Amino acid sequence: MEVVFPDLGRWAPGSGNLPYVWRFASDRPGPHVVVQALTHGNEVCGAIALDWLLGAAFRPARGTFTAVFANVDAYQLFDPAEPFASRCVDEDFNRLWTDDVLDGPRTSTELARARALRQVYDAADYLLDLHSMTDACLPLALAGRQRKGLELALALGVPAHIVVDAGHAAGKRLRDYAFFDDPEDPRNALLVECGQHWERAAPEVARQATLRFLRHFGMIEPAFLDEHLDPQPLPPQRAIEVTEVLTIETDSFAFATPAFGLDVLPKGGTLLARDGDRDVFTPYDDCVLIMPTRRPRRGETAVRLGRFVS
Ligand SMILES: [Zn+2]
């Protein structure tokens, strides 16, 4: 645990009628940009970045900026003895984003918050959703399946790796909600996985991604950028297209190789994992392993497989 969880209590009132939601409008016209932390309660990097940005009294140079601490109920349950438990209270906030779920009869802590926050996303032009990963991995942008998502990730310049994927069978992600996933609609969203949940580097990745996101939309004064934007030259970005998601089917799943995030297995047909009686082989040469799990559990994703497309 290399990071300190900030006390977010000072942001509880919100600027309007939603707790932990702060909206600032410039006199100059411009887009409405939403930056969100805590879609998952134990992914603290985004909360550190937004706590800093709000604490620095950031105001948009044009348009409207909204900062959202989403699943604060889960965040407040964080227990260092059980750090993975506070990802959510009842269910994953990031699997709820279809009309049938949001408008349906089901209730949960996360659904109540999602229904309250929906108006924020409905009013947004652009959304940056800040996350982190269970296992150590270089930062990743999750750009969704539309060309516009990839273009937005490339426009930011960070992170170096961009994953083009369709999300989860278990439910739609916020970044794929409604118009964000419509190729004809200019509104756009990007999810950034800033590193491992509690590694020292992740909050700075979140902060730099946020600054670049706001800069891209002309929302930051140059002096604020000069003071805070990392001036180091960036490595070129590469895009990885996810071709399949390997779901764990039994209680005896194990990778056949030491599997780390963004490992590339050069030969197609290499034994990748054993899942009960099933042997799983890499489907093609230069197969990239995206977010392989260290805690395999039946029904969950073991790894996404993809290939470099740029
Ligand atoms: Zn997450």
Assuming Gln232 fulfils every condition listed in (1) surrounded by 14 or more Cβ atoms within 10 Å (Cβ to Cβ); (2) away from the ligand (no atom under 16 Å from the Cβ); (3) not small (Gly, Ala, Ser) apart from one, which condition is it? (1)
What pairs come up if the first residue lies in segment 69-94 and is within 12 Å of the ligand (Cβ to nearest atom), the second is among the basic types (Lys, Arg), and their beta carbons are under 6 Å apart, counting only those six or more places apart or on different chains? Asn94/Arg173
Condition first: within 16 Å of the ligand (Cβ to nearest atom) and open to solvent by 30 Å² or more (accessible area, probe 1.4 Å). Now tell me which residues in segment 104-134 satisfy that. Arg113, Thr134
If a residue has to be within 16 Å of the ligand (Cβ to nearest atom), in a loop (DSSP other than H, G, I, E, B) and open to solvent by 20 Å² or more (accessible area, probe 1.4 Å) to count, how many in segment 168-187 make the cut? 2
Residues that are within 16 Å of the ligand (Cβ to nearest atom) and part of a helix (DSSP H, G or I): does segment 188-202 have at least one? yes
Test: Thr66 is away from the ligand (no atom under 16 Å from the Cβ) and hydroxyl-bearing (Ser, Thr, Tyr): yes
Which condition number in (1) over 19 Å from His216 (Cα atoms); (2) crowded, with 20+ Cβ neighbours inside 10 Å; (3) within 16 Å of the ligand (Cβ to nearest atom) is the one that Asp51 fails? (3)
Please work out which residue is surrounded by the most Cβ atoms within 10 Å (Cβ to Cβ), limiting yourself to segment 7-44 and to residues that are away from the ligand (no atom under 16 Å from the Cβ) and acidic (Asp, Glu). Asp7
Does any residue of segment 263-284 turn out to be modelled with pLDDT under 95, assigned to a loop (DSSP other than H, G, I, E, B) and among the small types (Gly, Ala, Ser)? no
Exactly one of (1) surrounded by fewer than 20 Cβ atoms within 10 Å (Cβ to Cβ); (2) touching a Lys or Arg at 6+ places or on another chain (Cβ under 9 Å); (3) at pLDDT 95 or above is unmet by Ser310. Its number? (3)
Looking only at segment 88-130, count every residue that is in a helix (DSSP H, G or I), under 15 Å from Phe69 (Cβ atoms) and charged (D, E, K, R) and tell me the total. 2
In segment 268-281, residues that are farther than 10 Å from Ala256 by Cβ and either in contact with a helix residue (DSSP H, G or I) (Cβ under 9 Å, 6 or more places away or on another chain) or surrounded by 13 or more Cβ atoms within 10 Å (Cβ to Cβ) (or both) total 1
Output for segment 204-216, where each listed residue is in contact with a Phe, Trp or Tyr (Cβ under 9 Å, 6 or more places away or on another chain) and either open to solvent by 20 Å² or more (accessible area, probe 1.4 Å) or free of Cβ contacts under 8 Å to residues at least 60 places away in the same chain (or both): Arg207, Leu211, His216
May I ask you to say which residue of Pro60, Pro83 is at pLDDT 95 or above, of a type outside the set (Phe, Trp, Tyr) and in a loop (DSSP other than H, G, I, E, B)? Pro60
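The values are calculated or read from the model by the stated rules, or taken from the named source; none is laboratory data. Keep in mind that what you see is a predicted model, and the values were worked out from it rather than measured. All Cβ positions, even for glycine, are placed from backbone atoms using ideal geometry, and neighbour counts span all protein chains on display. Ligands, DNA and RNA are stripped out before the accessible areas are found, and what is left, the full protein with its side chains, is counted by its heavy atoms. Shrake-Rupley method; radii C 1.70, N 1.55, O 1.52, S 1.80 Å.
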